[in-house]
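Just below is one structure, and these are the notes that go with it.
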């Protein structure tokens, strides 16, 4: 899963901040990032709005916009950076068949 701390559309790639998340078995203690930037972060429970985007990564902005509009229509606000879960191996399907789950942490306005 990728978490985009800065907006990739408005921040140069050299200044972008993002995290890559992976599930860890068991209940390890959280520990800060090491010299390579790797660490364990425990995430609190949260409510998210999510949608599955089907298609190439370059066309994901339309799905982001639709999800943001839906969140607002539900009387909610986005309460943190977006996350993307990549549901397949991009080397396997054609780009038109990529599946990406987009999530926005949300809360009631």
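Just so it is clear, none of the values below were taken in a lab; they were calculated from the coordinates. Quantities reported herein were computed from a predicted structural model and do not represent experimental measurements. Every residue, glycine among them, receives a Cβ derived from its backbone with ideal geometry; neighbour counts consider all protein chains shown.
What nm distance separates the two modelled labels at residue 78 and residue 45, each placed 7 Å from Cα along Cα→Cβ?
For the pair residue 78/residue 45, the computed spacing is 2.6 nm.
What FRET efficiency do you get for residue 65 and residue 16 if R0 is 25 Å and r is their Cβ-Cβ distance, rounded to the nearest 0.05?
My answer for the efficiency is 0.80.
Using only C-alpha atoms and all pairs of different ones, pull out the Kirkwood radius for the chain in Å with one decimal.
Taking the inverse mean of 1/r over all distinct Cα pairs, the chain comes out at 15.6 Å.
Can you order the peptides 31-42, 67-78 by their average number of other Cβ atoms within 10 Å per residue, highest first?
67-78, 31-42
For n ≥ 4 DSSP H runs only, could you compute -39500 (n - 2.57) per run for the chain, divide by its residues and tell me the 222 nm figure to the nearest 500?
Result for the chain, helices only: -4000 deg cm²/dmol.
Let a ≥ b ≥ c be the square roots of the eigenvalues of the Cα gyration tensor of segment 1-49; is it rounded (a/c under 1.5), or, if not, prolate (a/b larger than b/c) or oblate?
Note, shape of segment 1-49 comes out oblate.
Please state the shape class of segment 64-109: rounded when a/c is under 1.5, otherwise prolate if a/b exceeds b/c and oblate if not, all from the C-alpha gyration tensor.
Note, shape of segment 64-109 comes out prolate.
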